[in-house]
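As structure tokens, the structure follows; a few thoughts come after it.
The values are calculated or read from the model by the stated rules, or taken from the named source; none is laboratory data. Quantities reported herein were computed from a predicted structural model and do not represent experimental measurements. Glycine gets a Cβ as well: all are built from the backbone with ideal geometry, and neighbour counts include every protein chain shown. Side chains included, ligands, DNA and RNA excluded: accessible areas come from the protein's heavy atoms. Shrake-Rupley method; radii C 1.70, N 1.55, O 1.52, S 1.80 Å.
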Amino acid sequence: MFRIGRNFLNQFFAPALSVAIVRDSRFVFEHPWGTADTKQHEQCSNTSLFRIASVTKPITSVAIFTLLEQGKLNLNDKVFGPSGILAFDYGKTFRQYVTDVTVDHLLTHTSGGWPNDDTDPMFHNNSWDHKKLITESIANLPLTYPPGTHWAYSNFGYCILGRVIEKITGLTYENFVQQSVLAPCGIADMRIAGNTYRERAPNEVEYLGQFNENPYNMNVTRMDSHGGWIATPNDLAKFTAHLGGTPTIPSILKPTSIKLMTTPAPAYPQNSDAKYARGWMVRNNGAGNWWHAGSLPGTTSVMVRTSDGMCWGALTNTRTQPSDAINTALDQLVWDMVHQVPSWNS
């Protein structure tokens with residue numbers, strides 16, 4: 001298993017890698033490889049914090065389902081306009097379809113537009129705060145399809161969900177999630193990332209940009225609810241173990257919420273083996289594995305819950321291009337480790 005990790009570092013020129021695996025309600029494997037910070041000559045440890053990029057999305061989804069269970073929102077609640085949760089906070093008049101967008105459309109990436117492409121607002125105008133970014137983006141980026149009819153992965157949609165959480169709770173997104181999602185899982189070290197090397201948190205790794213990518217020229221703090229958290233793999237495995245729970249770990253969500261959260265979006269391509277649900281990719285309509293991957297300059301991440309209840313997180317502090325290769329390799333790396341232990345596959 002240790003060799004699998006070393007091979008990954010060598011193949012992708014990754015400074016550091018960290019993996020944690022839970023089986024039968026306990027950690028069965030936890031190991032760091034490599035260098036967390038080359039400038040400080042710090043070795044990676046089990047407590048090293050990494051940006052997790054879009055592995056944030058399942059956390060935001062669980063926050064939304066927490067509010068649903070508290071009776072504070074419904075998935076079919078409108079987001080903008082006279083009957084919307086955010087009402088006129090981000091503009092007084094709206095383009096076509098915007099006032100039809102619901103919380104569920106944002107959760108399922110079916111708002112009808114705002115895709116993860118060159119127009120993605122989250123990677124432009126780094127000096128703008130959420131208020132200006134959302135106001136300008138919904139005024140200038142039209143929705144192409146009626147909400148609910150077309151699937152397109154949307155970082156911006158999950159950014160809006162963060163503002164929905166703030167409006168309903170009166171707390172910052174970060175504080176609500178820390179108090180109501182992470183603390184019940186026994187997680188105390190996760191926080192929203194800073195943007196620069198100087199703004200890194202205690203125990204946070206240094207990020208290596210490859211192929212002319214710069215991990216320190218993005219507004220990662222503003223990505224809070226779609227890509228902003230830093231965490232250890234231990235945190236990710238713990239979080240996932242608390243979804244559905246185990247005989248000795250309580251679930252932080254009810255079975256009905258878990259079922260809905262892992263039910264594929266109707267607009268997702270039906271011929272696909274794996275489908276996007278609400279903050280998770282799932283197999284077998286949610287009865288199989290659930291997972292989410294993340295990717296930013298300097299970051300590759302994955303979080304998995306298998307159909308038999310194994311949970312894990314894997315994080316590295318670089319990304320290569322094309323990023324699909326390192327994404328696939330990080331995912332496969334943990335599966336390769338799991339397959340090496342016969343008792344984990346019984």
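For this structure, a couple of remarks:
- Taken together, the residues in the range 138-187 that are assigned to a helix (DSSP H, G or I), touching a residue at least 40 places away in the same chain (Cβ under 8 Å) and of a type in the set (A, V, I, L, M) amount to 10.
- F80 falls short of the stated requirement of being open to solvent by 10 Å² or more (accessible area, probe 1.4 Å), of a type outside the set (V, I, T) and outside any helix (DSSP H, G or I).
Every residue, every condition in (1) within 18 Å of the chain's Cα centre (by Cα); (2) open to solvent by less than 50 Å² (accessible area, probe 1.4 Å); (3) closer than 24 Å to S251 by Cβ, yes or no:
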residue	(1), (2), (3)
A63	yes, yes, yes
E69	no, no, yes
A87	no, yes, no
K92	no, no, no
Y97	no, no, no
V101	no, yes, no
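- So M190, is it touching a residue at least 12 places away in the same chain (Cβ under 8 Å), within 14 Å of the chain's Cα centre (by Cα) and buried (at least 17 other Cβ atoms within 10 Å of the Cβ): yes
- Among residues of the range 266-290, those that are among the hydrophobic types (A, V, I, L, M, F, W, C), in contact (Cβ under 8 Å) with a residue 24 or more places away in the chain and closer than 14 Å to T108 by Cα, counted: 3
- Some residue of the range 196-218 being of a type in the set (D, E) and open to solvent by 60 Å² or more (accessible area, probe 1.4 Å): yes
- Number of residues in the range 302-311 that are within 15 Å of M281 (Cα to Cα) and in contact (Cβ under 8 Å) with a residue 60 or more places away in the chain equals 5.
- Of all the listed residues (I165, I138, I160), the sole one being open to solvent by less than 10 Å² (accessible area, probe 1.4 Å) and farther than 19 Å from G279 by Cβ is I138.
- Candidate set from the range 110-133 (those that are among the aromatic types (F, W, Y) and open to solvent by less than 80 Å² (accessible area, probe 1.4 Å)); member that is farthest from Y153 (Cα to Cα): W128
- Of residues in the range 312-346 being in contact (Cβ under 8 Å) with a residue 24 or more places away in the chain and among the polar types (S, T, N, Q), the one surrounded by the most Cβ atoms within 10 Å (Cβ to Cβ): T316
- G34 part of a loop (DSSP other than H, G, I, E, B) and buried (at least 18 other Cβ atoms within 10 Å of the Cβ): no
- Selection from the range 245-266 of residues that are at pLDDT below 95 and either among the polar types (S, T, N, Q) or crowded, with 19+ Cβ neighbours inside 10 Å (or both): T246, T248, I249
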